[in-house]
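Please read the structure below before turning to the comments.
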Amino acid sequence: MRKLTSKATPIGITLNIILVINALIVVYPVLFTISSSFTKSNSLAQTSVIPFTVQTDSDVSEVCKNCGGTGIIGDYVKPETQYDEFGFEIPVEIPEENICPVCHGEGKEFRVSHKFSVRKPSLYQYRRLLTSPDKLVKGETTVHGTNYKIWYLNTLKIAVMNTLITVFVCTLAGYIFSRFEFTGRKQIMGGLIVLQMFPSFIGMVATYVILWKFNALNTLWGLVLVYSAGSIPFNSQLMKGYFDTMSKDIAEAAYIDGASPLVAFIKVILPSAQPQLVFLGLTSFTGPWMDYIFPRMILRSDDKKTLAVGLYEMISGRSNDNFTMFAAGAILVAVPFAILFMAGQKTLLMSMAGTSGKE
């Protein structure tokens, strides 16, 4: 039997190199952030470039090879050391053109030596985050906690409510546009497409005024209202396109068995559209999770802030330099993302592949 061999092509090698580079670009910041979150120091100045290590710098002096340790170059001869009547050395002025440019007349080169050692992890930054602002951090006498738990809960409420409203409204709207004919259907769909042409920044001032008139400034439900309403045009079109690819025979078979349109939609259509529903739920949850601009504009009190606003204020300004506590907060922010994506990985891949509900 002839042995089959595969030859690496230049394109394959190039793609593998790009993949490795992208992996390093993604992995290193994650490891650096995790490493920074487990240190007690607030400043990044004491953070090592190699994650989970302590960097110690020391000056090492070596004899200058350029001047041989004399500190001078050229034909100039340095006079002997002279002392005054009190025994102090009289400095000798060397012509500038004869001073060694490497050691600047010192006769020695000073280099920085880097030494790395494994660092013992500390949960100090996490204790600071999870301690209430009116209490002292355990083991400290002057350091108070933060409102991080309140910010986390606020963001979680907004994300969950936005997900529920968006999935419910956009799924119904997409199914209605896909399966039913009614007056004004094309006009409404055209209007939804036109609304997507304009960026959200255009209507931000108008949205602020509307929330002001409805006394919705500095409220969480005001954010939920804006997020869910703003996601309807695009997500309704998304769900409509998905329902268009599903066979109508599934619902018609349920009608023959005596099911009403609502029962067929709940018990037949929705289970078949599970991959797309999971995708819609994930995008609806992650959308407002780390949004900064709009919450920063309408939220004022500290107990109403979201994670993005609260974390940014830890490192913004001259006096706020809690970078390592910011890193610890960023790690906790990633926890819901990891759980959701691991739980919905299979259905999410099915949605991206577009294999569900097809004949």
Legend entry - Magnitude of the charge dipole, the chain, Cβ model with Lys/Arg +1 and Asp/Glu -1, debye to 20: 2340
Legend entry - Mean Cβ neighbour count within 10 Å, used as a protection proxy, ranking 14-22, 253-261 highest first: 253-261, 14-22
Legend entry - the chain: most fluctuating residue of Ile25, Ile269, Ile165 per GNM, C-alpha cutoff 10 Å: Ile25
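Pick out, in residue order, every one of the trypsin sites (Lys or Arg not before Pro) in region 171-277 that is DSSP loop and has at most 11 other C-beta atoms within 10 Å; say none if there are none.
Lys248
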Inset, instruction - Take the Cα pairs of region 7-74, get the Kirkwood Rh, then feed it into Stokes-Einstein at 37 °C and 0.692 mPa s and tell me D in µm²/s. - result: 198
Inset, instruction - Enumerate cysteines in the chain without a disulfide-compatible partner, where compatibility requires another Cys Cβ under 4.7 angstrom. - result: Cys170
Legend entry - region 115-225 - percent relative contact order, Cα under 8 Å, separation 6 or more: 19
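Find the accessible area per residue for the chain; the probe is 1.4 Å, ligands and nucleic acids are left out, and the unit is Å².
The answer is 64 Å² per residue.
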Legend entry - Gain upon complete extension [Val209, Asp57; 0.36 nm per residue less C-alpha separation]: 49.2 nm
Inset, instruction - Would you mind pulling out the separation of the Cα centroids of region 170-197 and region 29-73, in Å? - result: 60
Legend entry - Relative contact order (percent, whole number), the chain, Cα cutoff 8 Å, 6+ residue spacing: 21
Inset, instruction - Give the cross-link partners of Lys40 among the lysines, using a straight C-alpha distance below 25 Å as the criterion and excluding same-chain residues fewer than 8 apart. - result: Lys115, Lys120, Lys135, Lys138, Lys149
Legend entry - the chain - percent of accessible surface contributed by carbon and sulfur, probe 1.4 Å: 64
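The values are calculated or read from the model by the stated rules, or taken from the named source; none is laboratory data. Model, not experiment: these values are computed from the prediction. Positions of Cβ are backbone-derived with ideal geometry, glycine not excepted, and every protein chain shown enters the neighbour counts. Remember, those area values only see protein heavy atoms, side chains included, never the ligands or the DNA or RNA. Shrake-Rupley method; radii C 1.70, N 1.55, O 1.52, S 1.80 Å.
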